[in-house]
């Protein structure tokens, strides 16, 4: 743990006792704390502030809807009005016309039958009183013909030949009709001529059929009968006959439109369904302060959750919120335990995974009253992507989307916008180059938020695009994305400092050469500085190849040897061929000085506020390797009680792939620089030998590296070093002289400026003549203008590159190139610059085998 969180951890250790120091117990403690905080935050956002009121009382304050809800009283009233506006539904009775016709025909048939009976009776009376057969026969034949004609026309004899109706005839007619008739009406209909009777029947049927075509409802029957009477009064018949038609038609008339109860109810139900619910939006005032509360207001307040009816009225909200928080935390915890053990096991990162979403929800809660679309949900995923990793940030984004949807009261709409915006934020900040990249990430998040909001408006059509409310929502969503980037920029430095974490932005700042510690390293130990640059190049390329944090590896390599600034001239890369102070010291003291640069580096790093991630490189870049040269020298001198532990680094061995790669790059770069006559094959042989030695020594046991990774690292080292130490073509003497003459001619033509230029060219040419392959350094010559000190190249029996000592025996006798050429020197932990007898030179093995046996890698 680092930063302010480390102090918090120590405080907890002191005050909570030993049992609270167990990692699992601490995780449960933090989980419980976050559970309470999330539940409290979400429940207070969802649960409204309740009041205790009754109908007729004045509202104590403006009662504002905390969420979107349906105004049930108003909606129900509008639906009832729509249902009442639907007319009753009727079905036409197809048999009504047939029944009316049948009843009218039956009435006129009854009249015909009575008329026939009257005719027969009249005929029988005539037969009894007739005198003479011929006259009687003639009258009988005429009477029969008349009866047949009357029956064919509708029944009854001609009224002119019928006797006046008797009382019995009237009663018979009434019996057959089924209703009583005034005597005047009965006499008129029984004595009317057949043609008139047929016309009456035809006219009545026509009137009835016309009325039935117009439709007759049950409640319209009386009015229709009155209309029928008016129509009959307009006919050209005597009054008694019109009365008969009125009586028969009124009784025959019936409704032909039958009330359809089920159809009416279905039509009214559809009309009610077509009425859109009246929506009360969040923030809308339900009852103004001082206004009397009605029964409908009570329903609205109850639906909004504003009515306090019992102490347990909010228990459901709190219980549901706690259950939702528990599910979300369980999902996040299982993800960390299964897929991101680094965050799960590292307490600062574990706490950060809970703290950042909590901070995000606090900002969302504060801005929710302005607009739910303004909530800067992307702040959390953006911070977690930078502080932890993008995958964990995406998991947090999903959980935050659920929480924000619950807070806003419209889970689908706001949760969807929050998820897309948060995912875009996590992706866009996964690779940062500068802090200004947050502005780009904010712009992308704003665009995604706006598009997601617009897409949902198009999908649901509420409100329509022509409505200004849609574009206000889009604008708020876009502004929320920009606000998330601003909040991330403001919070990131505090979280970095408190939790002691290293972000890409922080690493970029630490890589600046103007950092005080790097500046001091350049000025006071230039050889070490240039060696660190080369190690950084190797480490970055290798870590990129094996899938680690290449930027962290580069910055860690910059600082891994900063401890040498305390005693720079005790390390060969900073001696520049001068006197070696180790010649006057005992091997034990020399080894103590060499290994002390690790502790000195840790102390300097903490003084300059470097994060723990960088200090790990300083602590682990040598692991627990031995300072072989001084151990052997002590053994050769026969010093009593030579303890190997006094000649080892304190370690620990590398614990991450980045620190392990820096250890290997350090050893490889120092060894390769100490060798001469470099070829690609020899470089590869040395690289693989050093990696093998570190592996066999157990230095890579705790690093997350596989054998396949080590093979890739070796290939990357060889590729980079081959490009650095490639073969250079030496110009022939004649070509150099011709180039010199050309420069002098050009310089003479430029007068004063040309003279100064010619002097520089002359100096460069002189240096070019003197520069040659340095002793033990292949073709690397001295810097132009600074000839290298000559030293006889010695060829000792030397160990080959496969003997476990990391290099060939060929080395320079005593020469050292200037610092600008050496770029870190032959090695950083070497007390001198020559080679040991029998191993390639004049007495110091690190010159010929600089992989750590003589001096330990830098």
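Below, the figures for the structure above:
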{"item": "Protection proxy ranking, peptides 216-228, 529-541, average beta carbon neighbours within 10 Å, highest first", "result": "529-541, 216-228"}
{"item": "For peptides 95-107, 341-353, sequence by mean Cβ density within 10 Å, most packed first", "result": "341-353, 95-107"}
{"item": "Cα Rg, Dmax, region 542-666, angstrom units", "result": "15.7, 48"}
{"item": "Equivalent ellipsoid, region 369-524 (semi-axes from 5 times Cα gyration tensor eigenvalues, Å)", "result": "36, 15, 11"}
{"item": "Shape of region 157-219, Cα gyration tensor, a/c cut at 1.5", "result": "oblate"}
{"item": "Net lengthening on full extension, residue 167/residue 639 (0.36 nm per residue, minus Cα-Cα)", "result": "153.2 nm"}
{"item": "Cα gyration tensor shape of region 652-735, rounded if a/c is under 1.5, else prolate or oblate by comparing a/b with b/c", "result": "prolate"}
{"item": "Over region 295-388: Kirkwood hydrodynamic radius from C-alpha pairwise inverse distances, Å", "result": "16.2"}
{"item": "Label point distance in nm, residue 274-residue 302, each placed 7 Å from Cα along Cα→Cβ", "result": "3.1"}
{"item": "Cα-only Debye scattering, region 77-117: base-10 log of I(q)/I(0) at q = 0.18, 0.25, 0.30, 0.33 Å⁻¹", "result": "-0.67, -0.83, -0.94, -0.99"}
{"item": "At 0.692 mPa s and 37 °C, Stokes D of region 474-599 from Kirkwood alpha-carbon radius, µm² per second", "result": "188"}
{"item": "Equivalent ellipsoid, region 361-458 (semi-axes from 5 times Cα gyration tensor eigenvalues, Å)", "result": "21, 14, 12"}
{"item": "Isotropically averaged projected area of region 552-613, using the convex hull of Cα atoms (one quarter of hull area), nm²", "result": "4.9"}
{"item": "Region 59-92 residues near the modelled residue 261 label - backbone nitrogen below 11 Å, point 7 Å along Cα→Cβ", "result": "none"}
{"item": "Per-bin percent of Cα-Cα distances, region 20-129 [5 Å]", "result": "2, 7, 6, 6, 7, 6, 6, 5, 5, 5, 4, 4, 4, 4, 4, 4, 3, 3, 3, 3, 3, 2, 2, 1, 1, 1, 1, 0, 0"}
{"item": "Over region 641-685, equivalent-ellipsoid semi-axes from the Cα gyration tensor in Å", "result": "27, 18, 7"}
{"item": "Estimated distance in nm for a label pair at residue 57 and residue 284, the labels positioned 7 Å out from Cα along Cα-to-Cβ", "result": "2.5"}
{"item": "Packing-based exposure ordering (other Cβ within 10 Å, fewest first) of 740, 658, 284, 172", "result": "284, 740, 172, 658"}
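None of the figures in this text is laboratory data; all of them are computed from the coordinates on show. A quick note: this is a predicted structure, and the numbers were derived from the prediction, not measured. Here the Cβ is made from the backbone with ideal geometry for all residues, glycine too, and neighbour counts use every protein chain on show.
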